[in-house]
Amino acid sequence: MAFSAQQPSTALTKLKETLSGEVVCPGDEGYDYGIARWSDNCVKQAGYVVFPKNNEDVVQAVRFARDQSLELAIYGGGHSYSGSSSTQGGVVIHLGKYINYARCDPEKRLLYVGGVEKVGMEHGLATVAGNVNHTGVGGLALGGGYGWLTGRYGMTVDNTVQYTVVLASGEVVTANETENPDLFWGCRGGGSNFGVVTEFVFKAHPQRPTVFVAHLLYTIDKLECLLNTIEDWYETAGPDEGLHWGCMRPGTPTLLVIYVYNGDTAEGRKAAKKLYDVGPVVEKAMEDLPYVKLNALQNEASAHGGRKYIKGLTTRSRTSVEAIQAVLQAQDEVIRSNPALVHCGVIFDYSPKQAVVAVPLEATAYAGRGTGAEGIIFQFFTDPTLDDSVQSQVRAWAQIVSEKTPVAFKAGKGGESYGVGYTNFDPDAAGSDAARVFGPNYKRLREVKRKYDPENVWNRWYPIEPAESV
Ligand SMILES: Cc1cc2nc3c(=O)[nH]c(=O)nc-3n(C[C@H](O)[C@H](O)[C@H](O)COP(=O)(O)OP(=O)(O)OC[C@H]3O[C@@H](n4cnc5c(N)ncnc54)[C@H](O)[C@@H]3O)c2cc1C
């Protein structure tokens, strides 16, 4: 595409006249909202934030940015902690303000969703969504997507049947099994490499109205017994189960388990017995919890604001007790030397992976399929001068886990997984090596990139190098 750079003010006036939505610049009302992100350290001073109302607005925003040779970033829900939905001086296409609808076709069992998550439970239907319901559907659904329904239905990418994509050329295309099937394949795990997805269509599954949840707290001396119990349970966990465990601070570190059984209470209690047998100090059973409240349980602990540095960890074998003990000890030392760094910890998501690894690795662009748990190590803080030291400290904690965890990988039918583990938990996604992350799928991704984004306009998340022209 040829660039025809105009004076920004002329181009801006023209953009404002064309948009059904809005565009704001530094100092304008709505600008701070437009650049805010879940983590304050991902906020960047964009030159322009466009709030589109429809596909045509997105097309205009893309043209505006390309005509001015400005970097483009797409905001879905602003939760990426890699900063990939922000731009310094460029144009943010912000889907959170207007393109945030959800509608359900109960007969076809499909959910049509814009930029933000909503569910079809009024029709008794649900899809695989994240565990914290303020997370944006855009980044989550394009980069993989795990949730409480993963045990039965796999990942969000496995439950997506169609995308509407605004390409860098300004063309609006549909991608599904029959229309642009190569783009459809690429979007399922290839993230924001191909364009702005203005609509996702997800498979919706019958979902019972209530679930059983056990919320259990243990003292730290139970760590070894608890971890072994969880790992034993995980070996044979059923598709309707799921579990998160974490070590929480501030204060004396406490071990928290959230166990979910997508079934009736009596069966759930029976399935959770081993966890009760470990001896929690606090136990709260949420019997018949409405399903719609399940993904709100962790909202408060995952609130917006403050600075956050988080590193993802994918275990390829049983999590080592020794590794977790060593990390908790290292965190204690940091807190002792700087009490302001008290908000740190670890969390692991043990979604059963049978359905995830049942999908062949090459069937979608996502290459992180494996049977292990997905974890994060984190530090929340407020002082921007600590950014660099917190970053190296969290990386060092992650290193402890990978060094001390045996690497025997339990490959499932999906074969080996690649790269950094779960791409959506990687703080380096904006600059990481896509070849390493996408492994055997990278060659094909490069072909898809050449066809749909040959000039690499969408380059903020594991940028894929377009294949050379033949
Ligand atoms: C509190 C919290 C809880 C989480 N829980 C889960 C979980 O349960 N399961 C899980 O799988 N992950 C989870 N994650 C990780 C999550 O998947 C990623 O942070 C993801 O990037 C969030 O998507 P977003 O749209 O909010 O992010 P954004 O920061 O808006 O976007 C992330 C990336 O996706 C791109 N993007 C977003 N929307 C679009 C779109 N419509 N079209 C094209 N590109 C787009 C952006 O350009 C950017 O590169 C969680 C993260 C947080 C912070």
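Computed values, structure above
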read-out: Residue tally, condition among the hydroxyl-bearing types (S, T, Y) and free of Cβ contacts under 8 Å to residues at least 24 places away in the same chain, over segment 281-329; value: 0
read-out: One residue from N131, N180, N193, N159 being crowded, with 19+ Cβ neighbours inside 10 Å, within 16 Å of the ligand (Cβ to nearest atom) and within 15 Å of Y350 (Cα to Cα); value: N131
read-out: Selection from segment 421-470 of residues that are among the aliphatic types (A, V, I, L, M), more than 14 Å from the ligand (Cβ to nearest atom) and assigned to a helix (DSSP H, G or I); value: A435, L445, V448
read-out: Residue that is surrounded by the most Cβ atoms within 10 Å (Cβ to Cβ) [pool: residues in segment 64-81 that are away from the ligand (no atom under 12 Å from the Cβ) and touching a residue at least 24 places away in the same chain (Cβ under 8 Å)]; value: A65
read-out: Which numbered condition T382 fails, given (1) modelled with pLDDT of 90 or more; (2) more than 25 Å from Y462 (Cβ to Cβ); (3) open to solvent by less than 30 Å² (accessible area, probe 1.4 Å); value: (3)
read-out: Number of the condition not met by P250 [criteria: (1) in contact with a helix residue (DSSP H, G or I) (Cβ under 6 Å, 6 or more places away or on another chain); (2) closer than 30 Å to C42 by Cβ; (3) away from the ligand (no atom under 15 Å from the Cβ); (4) of a type outside the set (G, A, S)]; value: (1)
read-out: Output for segment 36-63, where each listed residue is open to solvent by less than 10 Å² (accessible area, probe 1.4 Å) and more than 12 Å from the ligand (Cβ to nearest atom); value: A46, V49, V50, F51, D57, V59, A61
read-out: Pair list, Cβ < 6 Å and 6+ apart or interchain, from segment 88-110 residues that are under 16 Å from V197 (Cβ atoms) to residues that are of a type in the set (S, T, N, Q) and open to solvent by less than 30 Å² (accessible area, probe 1.4 Å); value: I99/T198
read-out: Near pairs, Cβ below 7 angstrom, 6+ apart or cross-chain, from segment 186-199 (within 21 Å of D426 (Cα to Cα)) to any residue that is within 6 Å of the ligand (Cβ to nearest atom) and of a type in the set (K, R); value: S192/R460
read-out: Any hit, segment 388-395, residues being in a loop (DSSP other than H, G, I, E, B) and surrounded by fewer than 21 Cβ atoms within 10 Å (Cβ to Cβ); value: no
read-out: Segment 426-439, residues that are open to solvent by less than 60 Å² (accessible area, probe 1.4 Å) and over 18 Å from the mean Cα position of the chain (by Cα); value: A435, G439
read-out: Helices (runs of 4 or more DSSP H) lying entirely in segment 1-99 (those with 2 or more residues that are at pLDDT below 95); value: 8-18
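The values are calculated or read from the model by the stated rules, or taken from the named source; none is laboratory data. Not measured: the values here are computed from a predicted model. Every residue, glycine among them, receives a Cβ derived from its backbone with ideal geometry; neighbour counts consider all protein chains shown. SASA here: full protein model, heavy atoms, side chains in, ligands and nucleic acids out. Shrake-Rupley method; radii C 1.70, N 1.55, O 1.52, S 1.80 Å.
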